[in-house]
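Participant: Okay, handing you the structure first.
Every number here is computed from the coordinates shown, using simple stated rules; none is lab data. Computed from a predicted model, the values in this text were never measured in an experiment. Positions of Cβ are backbone-derived with ideal geometry, glycine not excepted, and every protein chain shown enters the neighbour counts.
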Amino acid sequence: MSSESELAMEEDQDTQKDKYLTFHIGSEEYAIEIKYVTEIIGMLKVTEVPQTPVYIKGVINLRGKVIPVMDIRLRFGMESREYDERTCVIVVHINENTVGLVVDTVSEVLDIPHSSIEASGQLSNSTDNNFISGMGKVEDRIKMVVDVDALLFRDREQIEAMTAQEE
Amino acid sequence: MSWDDDNSELLEGFVVESRDALDMIDPLFIEVIECLDEGTEVNSETLNGIFRLFHTMKGSAGFLNLNVIVSVNHEAETLLDLCRNGKAELKKGFFETLLAACDVISNLLCGIESQGTDKNILDTSGILKILKDTIAQINDPSSTSTTTPTPTTTPTPTEELTGDEFSLDFDMLSPEIIEKFVQEGLDLLDEAEGELLSISRGESSEESLELIFRNFHTFKGNCGFMSFSEMQELTHCLESIIEGVKDGDVPINENIINTMLNTADQLKMGLFDLLKGGKGELEDSQSLIDVLTSLKPRSQAKAFDVVESEPVTKTEKKLAAGDKSVLYVEDDPTSRMLVTKILEKNGFHCIACETAESALDVLKNLSADVDVILTDINLPGMSGKEFISEVTSKYNSMPVITLSGDKDRDLLKDLMKLEVYGFADKPVQKDELLQLLQNAITHGMRKKIQSNTSTSAAPSTTSKASKVKRDIRVDLSKLDMLIDLVGELIIAESMVTKHPDLEGLELNGFERAAHRLHLITNELQDIAMAVRMIPVSGVFKKMLRLVHDVSLKIAKPIKLHLEGEDTEVDKVVVDMIADPLVHMIRNSADHGIETPEERLEVGKPEQGTILLAAEQRASEVLIIIQDDGRGLNKEKILEKSRANGLIGDNDESLTDQEICQLIFEPGFSTAAEVTDLSGRGVGMDVVKKNIEQVKGRIEIQNNPGKGCKFIIHIPLTLATIEGMLVKVGTTKYTIPITSIRESLRPAQSMITVRPDGQEFVKIRESMLPVFRLHTLHDLVPDNYDLTQGILIVLDLLDGPICLFVDSILHQVQTVIKSLSGYMGSVKGISGCNILGNGEVALILDPESILKCLPSDLKLVEAG
């Protein structure tokens, strides 16, 4: 690889640094690192897939690519909510996996400097807190930074072990 | 000069091509060995074929400066040359040695892939020694030893021929190699000297001239490989003079002979210098060259002066090359690719043609755009010679360079008469070739200006090189992307042509246009699918070698028959079955086929036979592995399985098929002393797993005492599926049509319910269990009443069952997509497909759907 393209990549990563996409679930606001986000789409028809965890709503056809969608509400252990025209799917790509995340609304892209993010202490052990890696303060509001890796992959081994046992 | 990243592409191409070549060589060797075994005459075409493959590989490796490979190939080639010229009696041992050489090359290729060079990967001296010994053995007894091509010596680091741009990296040249080179060089020079002296005594003869010429030529070649440019130049001059003497252009006299002897002495000094650790530099070589050049005959000066004259520095070379076009005629695809790439990299525009005919076509259109012609001499159809004479008569000022491995002097003479500008021998050094081309272009331009025959500018350059490519290698992921896009296109098409806005409108013109679009998209889809299909012959041919090796090892003569190698299967499937085939064939040979003594005892021919066949049946491909050995021993399999706890002690109800399938159980193969068993076992669970991964299954037809037949059923492609689209509630499923026996809406009278709730349907004379897809997959159906829905009778391995769904929608043929890796594997589902309206349907996996049953229900079903 030529040094030019490396530079370009570095630059690219630089411009993505500290940038977060924020979204709402209920009245709370969450933030997700922009580097994981590939696109934001409106809700598509979801095909349910049996024998998957409840928070996996099923699969959608993203321009010929079939990707699973996860309802963040269900993943956080909250009540699910009827999808409406403001419901969005944030498509994230991480560890070779592309997954759609269903959120209530998407709000904006924000700069949250590293310094103003407070690591979420071991405040509690409730499930939803498990996917939050920090609390970002922007002006007077709090944005909870979602740990995408944990969101997608934590418990997966557990779940797989469970399904294996069922067999 | 080391190969940098730019060349990795070339290397990659080389590795791939060479692997293919090796794959092609193996079966040819086996054929030869078989012929030898049977005492029949070996087809000379086969030998030539092998020779050509080695030769091509050597040439390509030479371009890429992969000198270790060159050396191994060279020795192999020499040996083969002896064989095909009838100089050596064909012996089986030769071919075993050559097979070993193939293995060494294949290992080297692996190294090249990982390290980008063939140096220091493995010690090739062993195989080289064996090869050389074999060659020496052939040569020794005969007095004509010197007439055989002397092996060119081995690995060298690479260096520009001009020598002044790059310093010779001596660390790379091992002392052994130098020693060998020197030794050989001295021998060659001594011999030449002796002949020269005999000429001076007046015993001149055609033969001694030939010998001198050959020795100088070989020495020059060696110097070239070792990158000792000074010595090479000097020897080249010597060679030219001898050439002149032979043709009678140069009168032979004391003066010339003395000069040549002096030169030979100089060369020897250089060699001794090398031996002492010097750099092989010659004193005063330039003045010698001058003297020699002055002795050179005119006509040859033109032809031969080219390579060494006036070293051009790199910058000049680049500038001068500019956008010069080379018309390159070569029938061998590997060489064509390599040379084209090298030329393009160095600023030439290369128009590659496969045959002389097509090259003439190109010339007709673009003669003004072609600056120089580079051509092979041995071409299919119109030969290089005819081509050149055609060219020189029509395009007077066009310089022509030949690039050929052919060293036939008569031919060269003829070519010289045709005013060929220069000759390059295969394998050619990159820089030598570039220099030659550059000089030829300059020469051609001069000539053009002189004769003032400026032709009118040719029209466009777009048609260039359009004819040459027959196949290309494409990254599979790109292909998948293409197929994805084609799928999308089909969806988009139906979204447009069936758009709700069009409803109720009378659009005749639109309908026609839409129909045409539909035809095109369909064709496009078919072609996109066909692109993935490759014949199984590649994998099959590999097995020839395997059987050969195994049969040697276990001392059982076995012959492998291939049938239906042309059957085309999806690339992914072909890759996946390669390993299982190795296991199964090895097992057949090892355990299935009896020892020769046993075979004779039971009245079978001594030589065992294994048949490997492929055929296409509907949407399946059958791969059949059949041996005429002892077959599976049911009793022993049962015994072994009981011992391993695979089945209960009293399990007498197993069918033959079930018993045979036991050999695929993981526990079975790991049992101790499997090889003592008459059945097979080693690695068979892996075989089954691999086959299942490509959605295939294995059927065994056992015939105790007479042999065993394995039939692997695999789907033609993993990319598409023909299925029936059904609906349960809001979920849509595609059920593979191959598993569906029939579908029906049952009448109440057909239904029976067992006390435990298991439903049965009586279809004709059989009672089939009913499974409801909505319970299996926990869905909400439109109705729960069997008589309101549809029963689909599925043919499973364990027998037919009925699957209850809401309704059948229509038949589909679509691209299979994997359910995202994130979801893991879902029981009963093998993937998904996208429907015409963009919706996703799940593809039902009939064989695994019953695994969704809660375990207690499964017991009920089994009982």
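Participant: Over the stretch B:25-89, one equal point on each Cα, no solvent: what is log10 I(q)/I(0) by the Debye formula at q = 0.14, 0.28 Å⁻¹?
Facilitator: Debye output, listed in q order: -0.43, -1.18.
Participant: Taking the Cβ of B:A530 as the centre, find all other residues whose Cβ is under 12 Å away and add up their charges (Lys, Arg: +1; Asp, Glu: -1).
Facilitator: -2
Participant: Which cross-chain or sequence-distant (5 or more) residues have an amide H under 5 Å from the amide H of B:M724, H modelled 1.01 Å from N in plane?
Facilitator: Under 5 Å from the amide H of B:M724: B:I735, B:I737, B:V812.
Participant: Sort B:605-611, B:770-776 for me by packing, meaning the mean count of neighbouring Cβ atoms within 10 Å per residue, highest on top.
Facilitator: B:770-776, B:605-611
Participant: Within a Cβ distance under 11 Å of B:V780, other residues only, what is the Lys/Arg minus Asp/Glu net charge?
Facilitator: That sum, taken over residues with Cβ under 11 Å, equals -4.
Participant: Compute the distance from the alpha-carbon center of the stretch B:477-498 to that of the stretch B:540-562, in whole Å.
Facilitator: Value for the Cα centre distance between the two parts: 45 Å.
Participant: Determine the sum of side-chain charges near B:D484: Lys and Arg each +1, Asp and Glu each -1, restricted to other residues whose C-beta is under 10 angstrom from that of B:D484.
Facilitator: +1
Participant: Please report B:E699, B:E45 as a ranked list, fewest other C-beta atoms within 10 angstrom at the top and most at the bottom.
Facilitator: Starting with the residue having the fewest Cβ neighbours, the order is B:E45, B:E699.
Participant: If you project the alpha carbons of the stretch B:752-798 onto their three principal axes, what span does each projection cover, largest first, in Å?
Facilitator: Principal extents (largest minus smallest coordinate, Cα): 31, 25, 21 Å.
Participant: May I ask you to order B:758-764, B:833-839 by the average number of other C-beta atoms within 10 Å around their residues, highest value first?
Facilitator: The packing order, highest mean first, is B:833-839, B:758-764.
Participant: Then there's this: Residue separation times 0.36 nm, minus the C-alpha to C-alpha distance between B:E699 and B:S125: what's the value?
Facilitator: So the extension gain works out to 201.9 nm.
Participant: Describe numerically, in nm with one decimal, the distance between label points set 7 Å from Cα along Cα→Cβ at B:S106 and at B:L809.
Facilitator: 4.8
Participant: First measure r as the distance between the Cβ atoms of B:N837 and A:I142, then evaluate 1/(1 + (r/R0)^6) with R0 = 45 Å and state the FRET efficiency to the nearest 0.05.
Facilitator: The computed FRET efficiency comes out at 0.60.
Participant: List B:T442, B:T263 from most exposed to least, where exposure is judged by having the fewest other Cβ atoms within 10 Å.
Facilitator: Ascending number of Cβ neighbours within 10 Å: B:T442, B:T263.
Participant: Hey, another quick one. Residue by residue through B:823-829, how many Cβ atoms from other chains fall within 10 Å of the Cβ on average?
Facilitator: Across B:823-829, the average partner-chain Cβ count within 10 Å equals 5.
Participant: Using a Debye calculation, one point per C-alpha and no hydration shell, please list log10 I(q)/I(0) for the stretch B:720-862 at q = 0.09, 0.15 Å⁻¹ in order.
Facilitator: These q points yield log10 I(q)/I(0) values of -0.26, -0.73.
Participant: Let me ask something else about it. At q = 0.09, 0.16 Å⁻¹, what log₁₀ I(q)/I(0) does the stretch A:19-166 have when each alpha carbon counts as one equal point scatterer in the Debye sum?
Facilitator: -0.28, -0.89
Participant: Could you line up A:M78, A:M144 from fewest to most neighbouring Cβ atoms inside 10 Å?
Facilitator: Ranking A:M78, A:M144 by Cβ neighbours within 10 Å, fewest first, gives A:M78, A:M144.
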